[in-house]
1. Where a ≥ b ≥ c are the square roots of the eigenvalues of the C-alpha gyration tensor, would you call segment 90-176 rounded, which needs a/c under 1.5, or, failing that, prolate if a/b is larger than b/c, or oblate?
2. Scan around Gly141 for amide H atoms under 5 Å from its own, H built in the peptide plane at 1.01 Å from N, and keep only partners 5 or more places away or cross-chain.
3. Project the alpha carbons of segment 182-330 onto their principal axes and report the range along each, largest first, in whole Å.
4. How many Å² of accessible area per residue for segment 185-323, probe 1.4 Å?
5. How many nm is it between the label spots at Arg302 and Lys244, if each spot is 7 Å from the Cα in line with the beta carbon?
6. For segment 145-262, what does the alpha-carbon gyration tensor say about shape, rounded, prolate or oblate, given a ≥ b ≥ c as the root eigenvalues, a/c under 1.5 as rounded, and a/b over b/c as prolate?
7. At a 1.4 Å probe, what is the % contribution of carbon and sulfur to the accessible area of the chain?
8. If the viscosity is 1.002 mPa s and the temperature 20 °C, what Stokes-Einstein diffusion coefficient in µm²/s follows for the chain when Rh is the Kirkwood radius over Cα pairs?
Amino acid sequence: MSKLRLTLACWDYDRTRALADGSVQPEGIDLNCLNLHVEETFFRMLRHREFEVAEMSLSSYAMALGRDAPAFIAIPVFPSRFFRHSCIFVSAKSGIREPKDIAGKRVGTPEYQMTAPVWIRGILQDEYGVDARSVTYCSGGLEERGREEKLQLDLPATIKVTPIAPAQTLSQMLADGEIDALYTARMPSTFQSRPGTVRRLFEDYVGVERDYYRRTKVFPIMHTIVIRRDTYRANPWIAKSLLKAFWGAQRLVYENLYTTSALTTMLPWQVAQVEEVRAAMGEDWWPYGFAPNRHVLETFLRYHHEQGLSPRRLQPEELFAPETLDAFKI
């Protein structure tokens with residue numbers, strides 16, 4: 001019997017590479033993997049629904065769930081996680097010295113609904129008392145002109161988002177002092193090309209992020225994996241099959257990172273770093289599945305609702321195919 005052929009659009013992560021090279025194969029599925037940068041994948045999936053399965057911004061997915069006839073359903077796989085304290089940049093002309101100074105300032109963000117800024121705004125509010133509504137947001141391209149929100153926004157009047165001029169980029173505006181700060185996923189080019197004009201808010205970001213995790217046990221989720229609902233409805237078994245395959249591909253990376261016969265990355269102290277991460281975060285420091293991520297998802301969905309991106313506070317169970325929320329036991 002022939003297998004169901006599906007196309008997966010996802011970036012080239014170590015944790016998904018075994019799916020791309022075929023060394024891990026989902027049961028009953030012939031997987032055609034497209035290695036695309038995340039911005040392209042999100043744009044093409046949200047605008048045109050080109051792929052049966054795709055990596056997806058967690059924020060964009062949560063927004064899509066609030067629309068009539070949602071087009072996607074997710075599985076609890078999280079190919080991208082990132083502590084985002086390192087991704088808050090400030091202009092030397094801004095007068096910002098500590099987080100509380102951001103209140104009342106002009107802050108750039110490529111898209112208001114992007115997952116990384118959702119986490120940044122929430123963390124700044126929870127940890128440092130910076131009300132997300134106290135800032136004027138300027139949205140647009142980080143390095144290229146003309147970027148727009150992939151999904152239409154319907155925000156409360158208390159949240160102020162203004163597109164930048166067509167000829168402007170956020171990276172340049174930050175260096176010139178036209179915006180005071182930047183919440184971003186990608187490092188602005190001017191951080192390196194114009195030293196002294198742009199700096200990180202948290203220069204000791206590793207120490208800050210370690211302390212944040214120690215206190216909250218939150219390792220922020222950026223992306224999940226979604227299935228087009230028409231494909232899922234026709235073949236509901238694929239949700240669990242894909243989940244098991246992503247799990248299998250990730251297990252290989254856990255093993256390879258702690259192999260001492262040869263280094264699988266170009267990091268000289270790779271093994272020592274694995275031991276350090278295990279000591280701080282446990283052996284499964286990048287968990288897939290629903291139960292170990294519930295508290296992280298609850299935090300994110302609270303931020304999403306508080307920031308006007310979801311009309312009601314979604315519950316974590318609503319995000320995923322029901323077959324992926326539990327498992328059989330022997």
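The values are calculated or read from the model by the stated rules, or taken from the named source; none is laboratory data. If you're wondering where the values come from, they're calculated on a predicted model, not measured in any experiment. Glycine gets a Cβ as well: all are built from the backbone with ideal geometry, and neighbour counts include every protein chain shown. What goes into the accessible areas is simple: the full protein's heavy atoms, side chains included, and nothing from ligands, DNA or RNA. Shrake-Rupley method; radii C 1.70, N 1.55, O 1.52, S 1.80 Å.
1. The shape class here is oblate.
2. Gly146, Arg147, Leu170
3. Projected onto the principal axes, the Cα atoms of segment 182-330 cover 55, 49, 30 Å.
4. Per residue, segment 185-323 has 51 Å² of solvent-accessible surface.
5. 3.6
6. Note, shape of segment 145-262 comes out oblate.
7. Carbon and sulfur together cover 52 percent of it.
8. For these conditions, the coefficient is 102 µm²/s.
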